[in-house]
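Below is one structure; the comments refer to it alone.
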Amino acid sequence: MATQNIYILAIESSCDDTAASVMLNGKILSNVVAGQSIHEAYGGVVPELASRAHQQNIVPVVDQALKRANIDKNQLKAIAFTRGPGLMGSLLVGTSFAKSLAYGLNVPLIDVNHMQAHILAHFIDEEGFEKPPFPFLAMTISGGHTQIVKVNSYFDMEVIGETIDDAVGEAFDKSGKILGLGYPAGPEIDRRAKLGNPKAFKFTKPKVDGLNFSFSGLKTAILYFIQKETKANPNFIEEHLNDICASIQYTIIGILIDKLKLATKETGITHIAIGGGVSANSGIRQALKNGESKFGWTTYVPKFEFTTDNAAMIAIVGYLKYLEGDFAEQSVTASSRLKI
Ligand code: KG4
Ligand code: ZN
């Protein structure tokens with residue numbers, strides 16, 4: 001069969017970023033993301049505002065993605081979109097847009113699971129980035145999710161551990177809120193952690209059986225610790241901010257690495273890939289690298305722009321599903337709690 005030029009347009013709108021990407025045969029031609037700064041004032045994503053901002057952003061974002069890829073919409077072979085999981089009002093904007101566009105262009109529609117996409121982002125053709133071999137373990141760590149997934153093949157995935165309360169990104173963001181940092185606090189805690197002593201303060205790790213996680217107790221422990229210390233010294237936070245950030249990050253990384261150690265022991269799989277917004281964290285990246293010599297792991301960390309929410313990861317899933325002829329009907333609906 002002659003090689004075809006399979007151009008896919010992908011749309012992602014599950015949370016507070018409106019994103020579109022054009023892919024050609026597994027390679028990214030454009031990857032456009034419009035964030036929504038409106039949520040900063042509220043210290044978290046406000047679903048109703050997110051949905052409205054998606055409606056304003058989606059046309060210009062898709063237009064930019066096509067322009068940067070230097071193609072016309074009539075060259076598209078399929079439209080991929082995030083079906084879930086995510087915020088219903090946000091998902092609806094991308095879903096209805098993708099459905100109308102596919103209908104108008106008379107091309108197949110491809111529904112994508114956002115959590116599978118965070119994992120399959122590792123299969124985007126990108127120079128200098130190796131693709132993990134099957135089976136491998138994927139740890140998806142974001143503001144909405146924390147999972148360890150056994151990945152047997154592209155579409156055969158099994159969640160073997162997940163959070164029973166907060167996601168790891170929330171642990172970063174809520175700790176940051178207690179410290180008076182802006183939203184999202186993850187990147188700021190990461191930056192400050194590099195300047196502080198990770199062992200300055202000790203926070204107990206939660207005891208959760210098996211491969212599941214819990215982060216809500218840590219947040220409470222940090223809150224009580226800060227309340228106690230600021231009672232004794234009102235300037236405690238500003239005098240020790242870098243040390244506090246380093247200690248929080250050290251504790252969170254410890255929790256993640258402990259579970260990965262257990263997961264590799266239980267499954268015998270030592271190839272580990274990470275994905276999701278928190279995989280941008282420099283401490284986690286370093287801890288994984290250290291695991292290569294310490295525990296015999298082979299680790300895969302995605303390109304920075306594919307860690308936080310983006311449509312390139314939706315495009316690669318769209319492409320893989322296109323090759324299998326796995327298309328969605330026009331009657332497909334968004335699903336806020338879609339499972340892997
Ligand atoms: O994957 P993502 O963009 O959106 C969700 O699907 O949730 O992840 C956003 C999360 C936020 O909680 C943010 O604080 C966190 O990723 N994050 C980080 C870093 N960069 C983003 N957390 C720790 N260190 C970072 N460098
Ligand atoms: Zn995400």
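Taking 0.36 nm per residue of separation and subtracting the Cα-Cα distance, what length does fully extending residue 331 through residue 227 add? Mind dumping the intermediate values first?
Numbers: separation 104, 0.36 × 104 = 37.44 nm, distance 5.21 nm.
The residue 331-residue 227 span can extend by a further 32.2 nm.
Determine, from the Cβ-Cβ distance of residue 162 and residue 4 and an R0 of 25 Å, the FRET efficiency 1/(1 + (r/R0)^6), rounded to the nearest 0.05. Calculated value: 0.05. Angle of helix 168-178 to the longest C-alpha principal axis of the chain, folded into 0 to 90 degrees and rounded to 10: 50°. Taking Cα atoms, how many degrees apart are the long axis of helix 312-324 and the longest axis of the chain, rounded to 10 and kept between 0 and 90? Its long axis makes an angle of about 50 degrees. Highest mobility in the GNM of the chain, judged by mean-square fluctuation with C-alpha springs under 10 Å and restricted to 108, 132, 60, is found for 60. Classify the chain from the C-alpha gyration tensor, please: rounded if a/c falls under 1.5, else prolate or oblate depending on whether a/b exceeds b/c. Prolate, since a/c reaches 1.5 and a/b exceeds b/c. Relative to the longest principal axis of the Cα atoms of the chain, the long axis of helix 236-267 makes an angle of roughly 60 degrees.
Pull out a ≥ b ≥ c, the square roots of the eigenvalues of the alpha-carbon gyration tensor of the stretch 69-156, then state rounded if a/c is under 1.5, prolate if not and a/b is larger than b/c, and oblate in the remaining case. The shape class here is oblate.
Of 127, 40, the sequence from fewest to most neighbouring Cβ atoms within 10 angstrom is 127, 40. When DSSP beta bridges are limited to those with both residues in the chain, what percentage is antiparallel, rounded to the nearest 5? For the chain, the DSSP antiparallel bridge percentage is about 60.
Sequence-distant contacts, meaning Cα pairs under 8 Å at least 6 residues apart, place the relative contact order of the chain at 25 percent. Remark: for residue pairs 265/294; 27/265; 265/339, the C-alpha separation exceeds 23 Å in 27/265; 265/339.
Secondary-structure-derived ellipticity at 222 nm for the chain, considering helices only, amounts to -14000 deg cm²/dmol, per-run term -39500 (n - 2.57) for DSSP H runs with n ≥ 4.
Overall shape: prolate for the stretch 132-301, with the ratio a/c of the largest to smallest alpha carbon gyration tensor axis at 1.5 or above and a/b above b/c.
Each reported figure results from applying straightforward, stated rules to the coordinates on display, with no laboratory input. Quantities reported herein were computed from a predicted structural model and do not represent experimental measurements. In this analysis, Cβ positions are derived from the backbone assuming ideal geometry, glycine residues included, and neighbour counts consider all displayed protein chains.
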